[in-house]
Every structure is written in structure tokens, then in C-alpha cells.
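The structure under discussion appears below in the form of C-alpha cells.
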Amino acid sequence: MTVTIDWENLGFDYMKLPYRYIAHYTDGQWQAGELTEDATLHISESSPALHYGQQAFEGLKAYRTKSGEIQLFRPDQNAERLQKTADRLMMPQVPTEMFIEAAKSVVKANHEYVPPYESGGSLYLRPLLIGVGDIIGVQPAHDYIFTIFAMPVGNYFKGGLAPTKFIVSRDFDRAAPHGTGAAKVGGNYAASLLPGANAHNTGYSDVIYLDPSTHTKIEEVGSANFFGITKDNEFVTPLSPSILPSITKYSLLYLAKNRLGLKASEGDVFIDDLDRFAEAGACGTAAVISPIGGIQNGDDFHVFYSETEVGPITRKLYDELVGIQKGDVTAPEGWIYKVEID
Ligand SMILES: *Cc1c(COP(=O)(O)O)cnc(C)c1O
């Protein structure tokens, strides 16, 4: 490698890499995309993405295997989710093949920035779809930009998996009952900044959001999905139309059932019935799994497995999934997309 980066000390910080992909949608269709060295978007001041939040994003990672190859984890799933989000916000879909080819081209063009296997890091890809153009009325844009940029990121848990504590949000919801909770849009994140900051300032990792209609069931953990392992070894994760469908979560559901031999299901997770769980965690692309040590719910502090130790099933799930992502464990059919660097 010719780039000099302190791979061991990477966090989750923007880094301007040499290349990103950009494609424009005009005249009712996607024009040919290309790699560019220009890291600045040039858009109309009236772009609907800026005023009315007509924008969506994705997040996925490329990993370097022990033998030095590079692979993407389930990019087809990110493409499909972006299509669902696009439908909800009246944006044009990015076809799956275009999405995957764009992702591969960005990884390939910046391949020297994919962290080495041993570092535990990965190349994080951020696809972005925004409505642009000279429109100021509240209506969908005519023109769109789809871009993917990338940056190397470190292993979330440098000292190994560690549990942290979370606090139930009483004053704020993340999404409305029939709103955009299931769409990966910036607006959901803008709404979560204040409760998130409140949680951090009082010593918690992030907020647990309850379902917005009854406030009795766990929905999300900050910007990650919740899962629990019941005392009789069932993997359970909330089912709700306002949860963001995490690809990590669906991967864990599959692995819990098919690799660990557990029962696995989506269902209600009532906040006043946490005693049924022996372990709990939050999952998403960034951290893969964040073990949940305890949850502060009003005056009650509920500890799951331990505030300092990681439960055995949480650890097994983490090892299995990370093993697949890094190429050490055989992946289920169709989960891995190799990126050829010639
Ligand atoms: C992206 C995201 C997740 C995690 O999804 P993954 O596909 O596993 O990365 C969970 N919750 C929210 C709100 C998200 O935006």
C-alpha cells in the first residue's frame, strides 16, 4: 500500500478520498454515472433536498479478507432499501445493478484505503440520493443526484466488545406512527439529534425509542435496531412499521436460526417486560453489535447480562457475522460481493 494511514486508530470520521461516484437524473432518466475527484456537490439553492428533506442515504461496508481480497456485504439489500425509501419520498429508484456497480467502482478506485484485515477496520460507503433543481414549491424535484463516497473507518470496539447503557426517551419520538420511520432519511436523524445529545450529556450511549402510538414497546436504539435473547434462548427483535429495517438485524435473525440453532422471531418487546431477556444488544452496520448493559427507564435501571461483560450468545452472533463479513466464515449464499482489483 502506498497510502500512510494510522489504521489502528481510525474512528468514524470523514476523510476525503481521491474518488467518488456521481450520477444525475434529468429528463426522466438516469444519465451515465462516473467517478470524479470533485468532493463538492454543486446544487441549486432551491433544491428540495435542502428545504423539504427530499433526500435519502445508505451505509454499507467493504472488508479486506485475510488473503487481501476486498468484499462488500449484502449491497443488494442496501439497494433495495434505498428503492423503498425513494418510493416513500417520491424520488426515482436507483436500479440495484447501478447501485452495486457504483459501489464496486468506488471501492476499486479507492482500494488502497480499504483497511488491512488485521486492523479490524473497513471501508464505509455512504450512498446519497437527493432531490435538486430550481423548484421552491412543495413538490418532488425533477432532477436528482445519486452519489457514493467512502472513507476508511476503525473497528467500533477497539478493546473488544463492551456493553454500554441506554436511556428510554420519554419526551421525544423518533418517528410518527405512519411517518417515515422505515425510510432511511435525514429527517429522522435531525429529529433524533436533541434526544441523542440529552442522552450523551447524562452519561448514556444513546436513546431507546418506544413505539410512537402506545409508548409501551421498544422500537429502536438510537440509530440501530434492538434485539434480545430470551432466558430460553430465543432471538427476539421488535416488529413495527416505523422501525428502520436493519440489514444487520435481518442477517442476525438468519444466523441465530440457521447457524446458532436458536428460535428467532420478530415481535413485541414491551418495555415493562425486560425480565424475559438474558441478553440484549443494538445492531447496525456501524458497530455491527453493541451489547446493551442496562436500560434506564424512568427511575428503573434494568441490567441484562451484565454491565461489564458480554453475554455468550451476543458474542457468538458477533463472531459469526464479523467472520462472514471478513471472509473467515463461510457466508450464506449471495451475501458476499467480491470487488475485483486488477
Ligand atoms: C441504518 C439504520 C439502522 C441500521 O441498519 P443496517 O442496515 O443494519 O446498517 C438502524 N436504525 C436506523 C434508524 C438506521 O438509519
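Once C-alpha pairs closer than 8 Å and six or more residues apart are averaged by separation and normalised to the residue number of the chain, the relative contact order reads 19 percent. Proximity of backbone amide H atoms, modeled 1.01 Å from N, is registered between Leu60 and Leu125 at under 5 Å, excluding neighbours fewer than 5 places apart on the same chain. Among the GluC sites (Glu not before Pro) within the range 280-321, those in coil by DSSP and having at most 15 neighbouring Cβ atoms inside 10 Å are Glu307, Glu309. Listed values for the range 216-223 are Karplus-derived 3J(HN,Hα) couplings in whole Hz (6.51 cos²θ - 1.76 cosθ + 1.60, θ = phi - 60°), namely 10, 10, 5, 10, 9, 10, x, 10, and x replaces Gly and Pro. Applying both filters, DSSP loop and at most 15 other Cβ atoms within 10 Å, to the trypsin sites (Lys or Arg not before Pro) of the range 126-194 gives Lys158, Arg170. Let's test the formula: R0 of 45 Å, r as the Cβ-Cβ distance of Asn201 and His178. What FRET efficiency results, to the nearest 0.05? According to the calculation, E is roughly 0.90. The residues packed around Ala282, meaning those with a beta-carbon under 13 Å from its beta-carbon, carry a net charge of -2 if Lys and Arg are +1 and Asp and Glu are -1.
Report note on the peptides 119-126, 232-239: ranked by the mean count of other C-beta atoms within 10 Å, highest first, their order is 119-126, 232-239. Quick check: pseudo-label points 7 Å beyond the Cα along Cα→Cβ at Ser265 and Lys316, how many nm apart are they? Between Ser265 and Lys316, the label points sit 2.0 nm apart. A cut-off under 10 angstrom between Cβ atoms defines the neighbours of Phe73, and their net charge, with Lys, Arg +1 and Asp, Glu -1, is +3.
The stretch between Asp27 and Tyr250, if pulled fully straight at 0.36 nm per residue, gains 76.6 nm over its current Cα-Cα span. Seen from Pro115, the other residues with C-beta closer than 14 Å to its C-beta sum to a net charge of -1, counting Lys and Arg as +1 and Asp and Glu as -1. Taking label positions 7 Å along the Cα-Cβ direction at both Asp275 and Glu340, the computed distance is 6.0 nm, reported to one decimal.
Overall dimensions of the chain, expressed as equivalent-ellipsoid semi-axes from the Cα gyration tensor (√(5λ), whole Å, largest first), are 32, 26, 18. Listing Ile43, Ile295, Ile229 from fewest to most neighbouring C-beta atoms within 10 Å gives Ile43, Ile295, Ile229. Each residue of the range 3-19 is assigned a 3J(HN,Hα), and the resulting list reads 7, 10, 9, 7, 4, 5, 10, 5, x, 10, 10, 4, 9, 7, 7, x, 10 Hz, derived from the Karplus form 6.51 cos²θ - 1.76 cosθ + 1.60 (θ = phi - 60°), x at Gly and Pro. Across the range 226-233, rounded Karplus estimates of 3J(HN,Hα) from the backbone phi angles (6.51 cos²θ - 1.76 cosθ + 1.60, θ = phi - 60°) give 8, 9, x, 10, 6, 5, 9, 6 Hz, Gly and Pro being marked x. Spatial offset of the range 14-62 relative to the range 267-313 amounts to 37 Å, using the alpha carbon center of each.
Basic side chains Lys and Arg get +1 at the Cβ, acidic Asp and Glu get -1 at the Cβ, and with that the dipole of the chain about its Cα centre reaches some 440 debye. This ranking places Leu260, Leu128, Leu194 by how few other beta-carbon atoms lie within 10 Å of each, fewest first, which gives Leu194, Leu260, Leu128. Shown is the FRET efficiency for Glu333 and His111, computed with R0 = 30 Å from the Cβ-Cβ distance and rounded to the nearest 0.05: 0.70.
Every number here is computed from the coordinates shown, using simple stated rules; none is lab data. What you are looking at is a predicted structure, and each value in this text was computed from that prediction instead of being measured. All Cβ positions, glycine included, derive from the backbone under ideal geometry; neighbour counts span all protein chains shown.
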